[in-house]
Each structure stands twice: as structure tokens, then as C-alpha cells.
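Some notes on the structure that comes next.
Each value in this text was obtained by applying a stated rule to the coordinates, not by laboratory testing. Computed from a prediction, not measured in an experiment: that's the story for all the values here. So basically every Cβ, Gly included, is an ideal-geometry build from the backbone, and we count neighbours across all protein chains shown.
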Amino acid sequence: MQEKLEEIFKQYVEITKMLSSPDIIQDLTKYKELKKTLKDIDKIMFFYRQHKDKMKDIAEDQNLLNTEKDVEIRNMLKADIVQKENEILELEEKIKLELRSKDANDNKNVILELHAGVGGDEAGIFVGDLFKMYCKYSETQHWKVDVIEYVECTSGGYKDIACNIIGENVYGKLKYESGVHRVQRIPKTESKGRIHTSAASVIILPEIDDVDIKLDMHDIRKDTYCSTGAGGQSVNTTYSAVRLTHIPSGIVVTCQDERSQIKNYDKALKVLRARLYDREKQKQHEDINTQKKTMVKSGDRADKIRTYNYPQNRITDHRINFTVHNLEQVMNGYLDEILNALSIQYTNI
């Protein structure tokens, strides 16, 4: 890790010099590219400088300890060394997070899809709980959540719901959430107090720009119809809902959340582009276990990646054997502890 940090420091110094060059300042494209690179490594440099300062402090304390005779001062120096060592360990964890393997899509917005799996009405209620969890987490990150389409359940929650999450580094933080999430609790609909196990599928797709995948609009059939959900006076009176069918692949996307047909069309097109991009990635990586292949859409409990156990106030991520006992906090959007653990586990440093 130290060698990698030294390389990044050299890169940081070099870019800083380049940004003051008149030639670079006149080249707006290059200037923006360098500024973005500098922003990506700026936090690493901040932690790196703190790390070096604390290492220097420990060395100075150790030198004093070697010559100091006063017992009280020696104890103070020893305590300070221990504190600095703990602070260094914390900084190293933060540096690992920043050094984690970057995905080309990390800085992109995402399409989040939630689908009820096995468990009947309780699975739908769980989908609703997960959706609220991701919405609350998005609030802590200052991200915007824009609902695209949904199918409600009669007992509450959703059979399916999809939304666009817009902000900084959204895919980078949420990309490991894809898979089957399992819940164990006593459902509101359970009269005998028995614990039920239900499941929901979570799918995280990076939002794809026009330049990432080219769509032939002749391959897309557009149908419009009256909205059937919330929307005020326009419901069932205007053809604002949109259904897009990609004829070559058979992929169908619907959107009726907005009153405007144009806005619904734009949202549906984003989802279609993301799904097509993901489909192409699968074709290119059929020989390896890609992330998408772990997204089990059937919602089978046996294929779970994470369990939310309410009686034990426990959440366990089975991929990395990571457990926390703060379920209520997590469901209120405090996901960083789990997401950071996943990110560190999948980091190659």
C-alpha cells in the first residue's frame, strides 16, 4: 500500500504543476480531465499526509521515551503512542476505501430495481422497507431519488419498483447491493406470532449515456396509455404513460410516474439503455461470474446475499461473513458500515 501511495503522491504533484501551465489552461478539455483526476485522489492525499504526520509523531515520542527518566512523562508518552497507533489504523482503513479497485461506472447514476420474491404479501412489504432504506441512505448522501415505475401490493409495499438515483459516486457505493435480500420476522399479517422468511431481489444498474450504447430508434416500439396510479387529475384522462419495447431483445420498459408523456418517455429510455448495456456486458463475459449473474431475479431464499433478522436485531452479509446488530439503524439509512465492509473486502491493494 505504501508504494501505491507514493506513486499517487507523485501523480498529485505532477498534475498540480500541469494545471498551472498556460498550455493546459487554454486546453479546456484537458484542464477539466486533470481537475477531475485531482479531485479523485485529493482525499487520498489528505489521509496520506495525516498518516505521515502521525508516524512522525510516534517516532518523536519514541525518541523521547528512550531518554526520559520521569515515570509520569514516560506513561504519557506511551499513552500518546498507543493513541497515535490506533489513529493510524483508522486512517489506513480509510485509505483502503479510497484505493479500492475503481469501476469505470463508479461515478454514474444508477437504476435501482426491487422485485418481491418468495413470501407472498410479506415479500412485497419487505420491498417497500428496502425502498425506504435506500431512499433514506440517499438523503444522507445528498442524492436524488426519482421513481420510474412501480406495482403496489394490496397489503402494502410493492411487487416491483424501479427508480433512478442521481448523485456523486452512486454506482460506486451501491454496486455490491445486487442480489437476493432475505428477511426473517413476524409479519403484520401473521395472527399466531410465527416468524416468516421472505425475500426480495435488488438490482443495481449503472445509468448509461448515449455514448456508451447506441440505440436504433427504429428498433423501439412506443405505446402510450392512461396512467393508473397517483397523478392527480390527469389520471385516466391523458395518455401520459409510456411503454417502450425493444423489438430485437424483447425488453419492455414502462413508466407512468410523471404527468408528462415526454418525461415518462425520457425515464423509460434511460432504463432501456441501462438494461441493454447490462445485457451486452453479460454477452461479453459469459465465461466468468459477472456481477449481473449473481442478481437472482427469482427471489429464491436459498440464494440470499444478506439476511435481515428482526428478532435478533441482526443483519448478516453472507458473502463476506459480516454481521452487525443495529438493524433498526440500517433500515433508517445508515448503510455505510456494511457498504464500507464490502468495498474493503473486494479491494485489491
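List the GluC sites (Glu not before Pro) in the stretch 137-176 that DSSP assigns to loop (not H, G, I, E or B) and whose Cβ has at most 16 other Cβ atoms within 10 Å. Which are they?
Glu168
Debye sum, Cα scatterers, the stretch 27-139, no solvent: what log₁₀ I/I(0) at q = 0.11, 0.16, 0.22 1/Å?
-0.70, -0.90, -1.16
Looking at the stretch 1-101, which trypsin sites (Lys or Arg not before Pro) are in a loop (DSSP not H, G, I, E or B) and have at most 13 other Cβ atoms within 10 Å?
On the way: sites: Lys4, Lys10, Lys17, Lys30, Lys32, Lys35, Lys36, Lys39, Lys43, Arg49, Lys52, Lys54, Lys56, Lys69, Arg74, Lys78, Lys84, Lys94, Lys96, Arg100; in loops: Lys69, Arg100.
Answer by residue number: Lys69.
When the helices in the chain are scored as -39500 (n - 2.57) per DSSP H run of 4 or longer and the sum is shared across all residues, what 222 nm value do you end up with, to the nearest 500 deg cm²/dmol?
Details: 9 runs with 156 residues, N = 349.
The helix-only estimate for the chain comes to -15000 deg cm²/dmol at 222 nm.
If you line up the long axis of helix 261-284 against the longest principal axis of the chain, both from Cα atoms, how many degrees apart are they, to the nearest 10?
70
Using Cα atoms only, what is the angle between the long axis of helix 336-345 and the major principal axis of the chain, expressed in degrees (0 to 90) to the nearest 10?
70
Nearest 10 degrees is fine. How inclined is helix 2-19 to the longest principal axis of the chain, computing both from alpha carbons?
Approximately 80 degrees, to the nearest ten.
By how many nm would the segment from Phe9 to Glu337 lengthen if fully extended, with 0.36 nm per residue of separation less the alpha-carbon distance?
115.3 nm
Mind giving me the nanometre distance, one decimal, between the label points for Arg319 and Thr16, set 7 Å out from Cα along Cα→Cβ?
That separation, rounded to one decimal, is 3.6 nm.
Once fully extended, how much extra length lies between Gln50 and Asn107, figured as 0.36 nm per residue of separation less the alpha-carbon to alpha-carbon distance?
Details: separation 57, 0.36 × 57 = 20.52 nm, distance 2.60 nm.
Between Gln50 and Asn107, full extension yields an extra 17.9 nm.
Taking amide hydrogens as modeled 1.01 Å from N in the peptide plane, which residues meet the under 5 Å criterion relative to Val118, leaving out close sequence neighbours?
Excluding prolines and chain starts, which carry no amide H, the hits are Ala199, Arg301.
With a cut-off of at most 10 other beta carbons within 10 Å, and DSSP calling the residue loop, which chymotrypsin sites (Phe, Trp or Tyr not before Pro) in the stretch 130-208 qualify? Please list them.
Working: sites: Phe131, Tyr134, Tyr137, Trp143, Tyr150, Tyr158, Tyr171, Tyr176; in loops: Trp143.
Sites meeting the loop and neighbour criteria: none at all.
How many nm separate the modelled label positions at Lys263 and Lys69, each set 7 Å beyond the Cα in the direction of the Cβ?
Those two pseudo-labels are separated by 8.0 nm.
Convex hull over the Cα atoms of the stretch 1-87, averaged projected area in nm²?
On the way: hull surface 28.8 nm².
Its average projected convex-hull area is 7.2 nm².
Could you tell me what a quarter of the Cα convex hull surface of the chain works out to, in nm² with one decimal place?
For the Cα atoms of the chain, the hull's average projected area reads 25.7 nm².
In sequence order, what are the phi-derived ³J(HN,Hα) couplings for the stretch 319-330 according to the Karplus relation 6.51 cos²θ - 1.76 cosθ + 1.60 with θ = phi - 60°, rounded to whole Hz, with x for glycine and proline?
These are the phi-based 3J(HN,Hα) values: 5, 10, 6, 10, 10, 10, 10, 9, 4, 4, 5, 4 Hz.
Would you mind getting me the FRET efficiency between Glu85 and Asp42? Use the beta-carbon distance for r and R0 = 22 Å, nearest 0.05.
Using R0 = 22 Å, I get an efficiency of 0.30.
Length gain on complete extension for the stretch Ser155 to Thr245, per 0.36 nm per residue less the alpha carbon to alpha carbon distance?
29.4 nm
Can you compute 3J(HN,Hα) from phi for each residue in the stretch 119-127, using the Karplus curve 6.51 cos²θ - 1.76 cosθ + 1.60 with θ = phi - 60°, rounded to whole Hz and x for Gly and Pro?
x, x, 4, 5, 5, x, 5, 5, 4
Can you tell me the relative contact order of the chain? Whole percent, Cα pairs under 8 Å, sequence separation 6 or more.
17
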